[in-house]
Amino acid sequence: RPDSRTPRRRSSASMGVILEEPKHKVTDPSPSIGSVVSNFSVVDILKASAFLGAAVAIGYSTAPPDIKKQALVACGTIGATAGFFNAYQNSAGRLMGFKL
């Protein structure tokens with residue numbers, strides 16, 4: 001019986017397995033964080049800005065008057081994070097040949 005305090009090891013083969021073949025030219029099959037971020041396009045940055053702007057607008061318009069600043073910060077953080085993740089996914093997809 002394994003000790004419950006010992007963490008279980010996961011098989012590396014079960015993580016990050018992509019089953020479909022790339023449809024476009026593969027630039028980097030396993031890109032690093034730096035290469036993905038440096039590959040952001042203008043469209044990626046505009047989409048990230050749109051996420052941020054929409055989240056701030058929704059936070060400001062739906063928040064009660066006494067917590068507008070806190071709602072702007074919270075919704076802005078959520079929007080910026082969502083925009084970054086969207087840009088990251090698109091950039092990584094282009095590098096790995098899954099997006100054009």
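The values are calculated or read from the model by the stated rules, or taken from the named source; none is laboratory data. Note that the coordinates shown come from a computational prediction; the quantities given were computed from them, not determined experimentally. Every residue, glycine among them, receives a Cβ derived from its backbone with ideal geometry; neighbour counts consider all protein chains shown. Calculation scope for accessible area: heavy atoms of the full protein, side chains included, ligands and nucleic acids excluded. Shrake-Rupley method; radii C 1.70, N 1.55, O 1.52, S 1.80 Å.
Numbers below:
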| item | result |
| --- | --- |
| LYS99 vs. criteria of a type outside the set (Val, Ile, Thr), open to solvent by 100 Å² or more (accessible area, probe 1.4 Å) and touching a residue at least 40 places away in the same chain (Cβ under 8 Å) | no |
| Within the range 62-100, tally of residues that are in contact with a Lys or Arg (Cβ under 7 Å, 6 or more places away or on another chain) and in a helix (DSSP H, G or I) | 5 |
| Within the range 69-90, considering residues that are open to solvent by 50 Å² or more (accessible area, probe 1.4 Å) and not hydrophobic (A, V, I, L, M, F, W, C), the one farthest from PRO31 (Cα to Cα) | LYS69 |
| Residue ID - modelled with the lowest pLDDT, chosen from residues in the range 12-24 that are within 11 Å of PHE98 (Cβ to Cβ) and open to solvent by 100 Å² or more (accessible area, probe 1.4 Å) | GLU20 |
| Of the criteria (1) out of contact with any helix residue (DSSP H, G or I) (no Cβ under 7 Å at 6 or more places or on another chain); (2) touching a residue at least 12 places away in the same chain (Cβ under 8 Å); (3) open to solvent by less than 40 Å² (accessible area, probe 1.4 Å), which one GLY93 fails | (2) |
